[in-house]
2 protein chains.
Amino acid sequence: MTVSHPLDKATRLTETVPGHWRGEAIESYSNMVEAFGGVVAASLLNAVQCDSRVQGWPISQTVNFCKGLALGPYEIRSRLQRSGKYTQHWSLEISQSGTICATASVITGQRGQVYSHQPVQIPSVSSYDACQPMPPVAPVKWLDAYEFRFVEGMPVMAAGGLETPGSARTAVWMRDEPAPPLDYLSLAALSDGFLLHLLQVRGIMVPSGTVTLTTHFLASPDEIAAQGTATLLGVADSRRFHGQFHDQHMQL
Amino acid sequence: MTVSHPLDKATRLTETVPGHWRGEAIESYSNMVEAFGGVVAASLLNAVQCDSRVQGWPISQTVNFCKGLALGPYEIRSRLQRSGKYTQHWSLEISQSGTICATASVITGQRGQVYSHQPVQIPSVSSYDACQPMPPVAPVKWLDAYEFRFVEGMPVMAAGGLETPGSARTAVWMRDEPAPPLDYLSLAALSDGFLLHLLQVRGIMVPSGTVTLTTHFLASPDEIAAQGTATLLGVADSRRFHGQFHDQHMQL
């Protein structure tokens, strides 16, 4: 990512003492009033990637969102919990004025090649060029930092909501706007770039937010580099909406 | 769960000071030489469920396995990172002699009913009675603590491995043996009860283990109680085996 890309600015960190980082949540990736969760995830991952102790590449990240991150300065504290032959385990917290806004764990690992097999198939969907960009849906800055072209599952709001629940399935072409060469940080941010499926199922705006986000990085660094600025296809579905929570599983 | 069930003994904790717990990894849930990861997950969850500060019910748990937990005593340290109107965020570590064996995060939440919709369908598979119990496959104690009846995806070992990769899909009837009434702890343990798919795909024993496990609890407490001792159907599949890691997503 070039230094001029907004995501680079949004995730930039300065180490104060080992394991302590400072950054700033900027307006260009704001949600209603606070920071877009995807950029919070990418910033936490960046605290691992920038650490002099890091070995290997991101394998998995879980971010638990406790409280919205306000625009402005924040602190990240990271701890290297264990460093083994194949993996490292990191625990992180992001806070403002001493209040924790999110906790996270990151696993990095060696990606040496021993065996490769991919049962999953790329879904057969309409091409990027055949789909229209999503029109502005909400006065939310971070949406402008991406381009979304829905193949299916674009939320349609209906007065009073939909009578029959809409499909929970989404297929959408996604890319950063402007498009940087793909890297782990932009992938981490895109992981939270799916609109909450409750919107498309109910067809009505209801207060809701991401509580926890787990991202497994199945691609090795060479594959991510080879992706360059090409648009990504994201497919997502939900299994169950119940008791104030719902799941959402996504593939990029 | 009655006090006589082995899982109850395996996950029993004593609070020493607030947020500090002691337990013991027992032989009846051992893996090759160390503790079965599912029981580690259940024990960590139990440290939240037994805490006097807990509000609500488990929503999501992530466990990162850093190092095998040896049989014998261990300590759990839990921190309530944030307690809000709807959710609580917990961070935990399980250690032996000061060395961290696993880190975890748990989110608990209120399960008040506002909206319910379940797009996912129960898969149409052969009944429990029509399937045969899995024969002993390895001298691993924890396997004896469960009954597995495979509908599909039972690993078959072949000398030198399979020429063509086997299917990564699994459908299996699972229950604790003996069967306790289902609760969050037994669900947390069962979440790690799927054999690693690398075995069925390659048809050969290779050293491998769970690195990170995220479990989303989509059922509310009344539904879990209603399940009683009935056998659970587990379905699982993998998307990609590459660069020394593979994913596995499971539904119970």
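Observations on the structure shown:
- In this calculation the C-beta distance from residue A:9 to residue A:128 is compared with R0 = 30 Å, giving a FRET efficiency of 0.65.
- Positive-pole candidate from A:200, A:145, B:101, dipole of the protein assembly as shown, charges at beta carbon: B:101
- Placing unit charges on the Cβ atoms of the charged side chains and taking the dipole of the range A:123-234 about its Cα centre, the candidate lying farthest along the positive direction among A:209, A:135, A:219 is A:209.
- Mean per-residue shielding of peptide A:100-107 is 5, counting Cβ atoms of other chains within 10 Å of each Cβ.
- Counting only DSSP H runs of at least 4 residues, each contributing -39500 (n - 2.57), and dividing by the residue count of chain B, the helix-based mean residue ellipticity at 222 nm comes to -4000 deg cm²/dmol.
- Convex hull volume per residue in cubic angstrom - Cα atoms of chain B: 144
- Loop-resident trypsin sites (Lys or Arg not before Pro) (DSSP state other than H, G, I, E or B) in the range B:185-249 with no more than 16 further Cβ atoms inside 10 Å of their Cβ are absent.
- Across B:139, B:207, B:165, mean-square fluctuation computed from a Gaussian network of chain B (C-alpha pairs under 10 Å connected) peaks at B:207.
- When only the Cβ of Lys, Arg, Asp and Glu is charged (+1, +1, -1, -1), the dipole of the protein assembly as shown relative to its Cα centre reaches about 600 debye.
- Summarising the label geometry, the points placed 7 Å from Cα in the beta-carbon direction at residue B:28 and residue B:121 lie 4.0 nm from one another.
- Global form of the protein assembly as shown, assessed from the alpha-carbon gyration tensor, a/c cut-off 1.5: rounded
- Mean partner shielding of peptide B:79-90, defined as the number of other chain Cβ atoms within 10 Å of each residue Cβ, is 4.
- For residue B:32, inter-copy label distances in nm, listed shortest first [label point 7 Å out on the Cα-Cβ vector]: 5.1
- Filtered trypsin sites (Lys or Arg not before Pro), the range A:1-86: DSSP coil and at most 10 other beta carbons within 10 Å: A:85
- Computed over the range B:1-64, the P(r) curve from all C-alpha pair distances, binned at 10 Å from the origin, holds 20, 50, 28, 2 percent per bin.
- Residues of type aspartates and glutamates that residue B:67 reaches as a straight line, Cα spacing below 15 Å, ignoring anything fewer than 8 places off in the same chain: B:34, B:75, B:93
- Span from the the range A:67-135 Cα centroid across to the the range B:144-179 one, whole angstrom: 31
- Shape category assigned to the range A:1-141 from the gyration tensor of Cα positions, a/c cut at 1.5: oblate
- Between residue A:152 and residue A:16, the contour length at 0.36 nm per residue exceeds the alpha carbon distance by 44.4 nm.
- Angle between chain B longest axis and helix B:37-49 axis [Cα atoms, degrees, rounded to 10]: 20
- Loop-located GluC sites (Glu not before Pro) in the range A:128-235 (DSSP state not H, G, I, E or B) with no more than 13 neighbouring Cβ atoms inside 10 Å: A:163.
- Rounded to 5, the percent of DSSP beta bridges in the range A:89-213 classed as antiparallel: 100
- Across the identical copies, how the residue B:163 labels are spaced - nm, sorted shortest first, 7 Å along Cα→Cβ: 5.9
- Shielding of A:244-250 by partner chains, average beta-carbon count, 10 Å: 6
- Of B:41, B:188, B:159, the one that fluctuates the most in a GNM where chain B has Cα springs shorter than 10 Å: B:159
Only the coordinates and a few stated rules stand behind these numbers; no lab work does. Predicted model, so just to flag it, every value in this text is computed and none were measured. So basically every Cβ, Gly included, is an ideal-geometry build from the backbone, and we count neighbours across all protein chains shown.
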